[in-house]
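Student: After the structure tokens below, expect a handful of questions from me.
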Amino acid sequence: MNKEYLAQAIARIETLARRDPGSRGLASFAPSCELLPAAAELLRGQRVIIVTGFCIRAALIGETDGPPGALALADALRQLGKDVVLVTDQYSSDLLAAGAARFGTPLTTLTLSLPQEVAERQIDELVATFNPTQVLAIERPGSAIDGHRYSMRGEILDDLVPATDRLLAPQPACRTIAIGDGGNELGLGSLRDSIKSQVAHGELIFCTTPADYVIPAGISNWGAYALVAALSLLAGRLLLRSPAHEQAVLQALLAAGAVDGCTREPTLSVDGLPWDDYATTIADIYQETVNTLEAAAQHSATV
């Protein structure tokens, strides 16, 4: 199967992940085409840090967007023989543990503490000992132009979530990737000037910290699944779990206390989308991946 065919399939997957059901603006207006190079970068890597977890102030617990995608990525990278460390805070650590149990094997997780100085020491120690080849941020609050971390509603979250922008600081031989859907997430700084006017409260909440590769999505989990799909096509093997498995992961997070980030309720939904609506995009990404891999296998058999 030639590279152009795979690139076209990955472009279709990227389009699926950029559906914007909440009309938040980021996925509709941000430039695309970084899914393929981001996947190629991860495929070359050996040691990956994934940071996630977005605390919802009204519930004092993490939301259902972010951890499922982080776990799907961690699982895919582990299947490829990569070392992975997850980074989060106290409001999402139990959610990650509950979701990871659905994958069968515990994942190494660093739970950051407050105050900020303690978190920064933890981050520095992790980077020094783990020596990451890539750092990936998904649905994690990033620091805005005034230094604060904000919710999509404009709430300051500094007292709940330590800043993790330090993880995306330039490091020799380490590349960074960010997935987000609202602009306030870590790593989306390179989009700030061009997209902030298209996002509600954009001037206030938009993160300023950039990443080398940015994957805008209608829902951040979709961006993660798209990245796993692209990895699958580049690796020539299915790394995505089925939609039914993703539903089980989401149910595990809810049992651990997670809430929908938009409704702030513990329902089987993500960013206000009920499971059936949310799962349509997961199923489409999964089917596109399976179909492309099957076509590639048939092509190889006839050559």
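The values are calculated or read from the model by the stated rules, or taken from the named source; none is laboratory data. As the structure is a prediction and not an experimental result, all values here were calculated from the model. Here the Cβ is made from the backbone with ideal geometry for all residues, glycine too, and neighbour counts use every protein chain on show.
Student: Out of GLU117, GLU125, I need the residue that is within 19 Å of GLN46 (Cα to Cα) and modelled with pLDDT of 95 or more. Which one? Write out each step before concluding.
Tutor: Values: GLU117 fails: within 19 Å of GLN46 (Cα to Cα).
The unique qualifying residue is GLU125.
Student: Quickly run through segment 145-176 and pick out the residues that are among the hydrophobic types (A, V, I, L, M, F, W, C), touching a Gly at 6+ places or on another chain (Cβ under 7 Å) and not in a loop (DSSP other than H, G, I, E, B).
Tutor: LEU168
Student: Does any residue of segment 291-302 turn out to be over 15 Å from HIS245 (Cβ atoms), without any contact (Cβ under 8 Å) to a residue 12 or more places away in the chain, surrounded by 13 or more Cβ atoms within 10 Å (Cβ to Cβ) and out of contact with any Phe, Trp or Tyr (no Cβ under 8 Å at 6 or more places or on another chain)?
Tutor: Checked segment 291-302: no residue is over 15 Å from HIS245 (Cβ atoms), without any contact (Cβ under 8 Å) to a residue 12 or more places away in the chain, surrounded by 13 or more Cβ atoms within 10 Å (Cβ to Cβ) and out of contact with any Phe, Trp or Tyr (no Cβ under 8 Å at 6 or more places or on another chain).
Student: Also, I was wondering about something else. Any idea which residue in segment 93-144 is surrounded by the fewest Cβ atoms within 10 Å (Cβ to Cβ), counting only those that are touching a Gly at 6+ places or on another chain (Cβ under 9 Å) and assigned to a helix (DSSP H, G or I)?
Tutor: ASP94
Student: For the list (1) at pLDDT 95 or above; (2) in contact with a His (Cβ under 8 Å, 6 or more places away or on another chain), I need the number of the one condition that MET1 fails.
Tutor: For MET1, the exception is condition (1).
Student: May I ask you to verify whether LEU293 is within 18 Å of ILE56 (Cβ to Cβ), in a helix (DSSP H, G or I) and not charged (D, E, K, R)?
Tutor: So LEU293 does not fit the description; no.
Student: Output the residues belonging to segment 2-23 that are closer than 22 Å to LEU186 by Cβ and over 17 Å from the mean Cα position of the chain (by Cα).
Tutor: GLY22
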